[in-house]
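This report refers to the structure that appears directly beneath it.
All of the numbers you see were taken from the coordinates with simple rules; none came from a lab. Because the structure is predicted, anything quoted here is derived from the model rather than measured. For neighbour counting, all protein chains shown are included, and Cβ atoms are generated from backbone atoms with ideal geometry for every residue, glycine included.
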Amino acid sequence: MKTDTYAKELERLLYNWYYGGENASPKPVFNALRAGLENNMQVLVPIETPAALAENLGSGELIKVGDTVTLDREAAIRFQRLGGNERGQYFIPVFTSEREFNQGKASSCIIQPLQTLFTHAGLWPDCLGFMMNPWNKKLVLAKDMIKTVTGYQPQSHISFVRGSVVDMHVGAIVNAANNSLLGGGGVDGAIHRAAGPGLLQECRTLHGCNTGEAKITGAYQISHTDYIIHTVGPVYRGKGQDAVLLADCYRNSLELAMEHGCTSIAFPCISTGVYGYPLDEAAVLSLRAVTGWLDAHPDVVMNVYICCFRDEEAEAYENILQGV
Ligand code: AR6
């Protein structure tokens, strides 16, 4: 069974929310949920095997995800329940992918649009809501939360993450590359190591990239992203042109991500390592470039993650946000 693309994005942003720790904003998760609800996102719902189905199967063997079974008579399907209390109240578990589903004990399941489940939850008085991916990075969608999500106005969002861009689960990871696009040290090296030799092979076909521009490739062995966007930041020289080129890197990467249908993107602090761009200046420029691009694209909902690999990077952004 192919995972629904909206459910996949939700699963990824849920992962990032946990990765970001207790101060991380849930807004990207809300954005993904809203996009899913508007686009008929399908989730897996475990069911109790109805008696008639068990009889049909004879030995009571379990059906696997993706199997279809025809019954010779009608059978009531009952969702499995979680966290039931003495008052008979319960949550219904739902899953964003087969991988998440398979972490629990084996059972049968059906595929349902989340929107349909939300609509019906109101009709089931003892149902407290839904527990999404209960075995791992879960999202509890109690009934009041469903109301909050349904009324939520999707909007682009910038998250600041303490960690490596390679660990982000997003549509596109941005690489701070060099003009050759044939790999190097720093984050470039880390991305090539994680993606494997297929990435270098594809990069060879791109014939390099000018400073300030960006090119896109597949992600190869990095399964938690779809694309890698390679951009080349300026080597810092202390001239006015540096700022223009650095801002171009952010804008052109966002543009490519949008063109390829990504709704999430993770940036490293481009040019601030080997290329020596002063962190405080680069942080201001990057934020101006990203917010400027988001403002110029009011119809796009983009979840942007800025990854601070070193403590100094996190401090530079904190200083800006605190108005220092
Ligand atoms: N994992 C994740 N992020 C990292 C890592 C890593 N292993 N190493 C550095 N960063 P840099 P640049 C972060 O130096 O300044 C390469 O050789 C770092 O903290 O990788 O644009 C290229 O091939 C910072 O946030 O890139 C070029 O020749 C960000 O990555 C040259 O370096 C950028 O630091 C580009 O220099």
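Beyond 19 Å between alpha-carbons counts as too far, so tell me which of Lys105/Lys143; Lys105/Lys137; Lys8/Lys147 fall in that bin. Beyond 19 Å between Cα atoms: Lys105/Lys143; Lys8/Lys147.
Relative to the compact-globule estimate of 2.2 N^0.38 Å, the Cα radius of gyration of segment 89-238 comes out at 1.44. Other residues lying with their Cβ under 14 Å from the Cβ of Leu287 contribute a combined charge of -3, Lys and Arg counting +1, Asp and Glu -1.
Here the label points at Met145 and Val300, each 7 Å from Cα along the C-beta direction, are separated by 3.0 nm in the simple model. Applying 0.36 nm per residue to the separation of Val235 and Lys137 and subtracting their alpha-carbon distance, the gain on full extension is 31.3 nm. If the chain linking Arg162 and Glu318 were pulled fully straight, counting 0.36 nm for each residue of separation and taking away their Cα-Cα distance, it would gain 55.0 nm.
Between Ile111 and Thr205, the modelled labels are 2.9 nm apart [label points 7 Å from Cα along Cα→Cβ]. Rounded to the nearest 500, the 222 nm mean residue ellipticity of the chain from helices alone is -11500 deg cm²/dmol, with -39,500 (n - 2.57) taken per DSSP H run of at least 4 residues.
With r as the distance between the Cβ atoms of Asp311 and Asn102 and R0 = 41 Å, compute the FRET efficiency 1/(1 + (r/R0)^6) and round to 0.05.
In this case the efficiency is close to 0.60.
Which residues make up the longest stretch of the chain clear of GluC sites (Glu not before Pro) that lie in a DSSP loop with no more than 12 other Cβ atoms within 10 Å, not counting the sites? Longest site-free region, per DSSP loop and neighbour criteria: 87-324.
Normalised radius of gyration (Cα atoms, divided by 2.2 N^0.38 Å) for the chain: 1.15.
Applying 1/(1 + (r/R0)^6) with R0 = 41 Å to the Cβ-Cβ distance of Arg87 and Ser223, what FRET efficiency is obtained, to the nearest 0.05?
Values: r = 42 Å, r/R0 = 1.03.
Using R0 = 41 Å, I get an efficiency of 0.45.
Can you give me the C-alpha center-to-center distance between segment 215-261 and segment 94-128, rounded to a whole angstrom? Spelled out, the Cα-based centre of one part sits 38 Å from the other. Over segment 248-324, all Cα pairs binned in 10 Å intervals from 0 give whole-percent P(r) values of 18, 51, 28, 4, listed from short to long.
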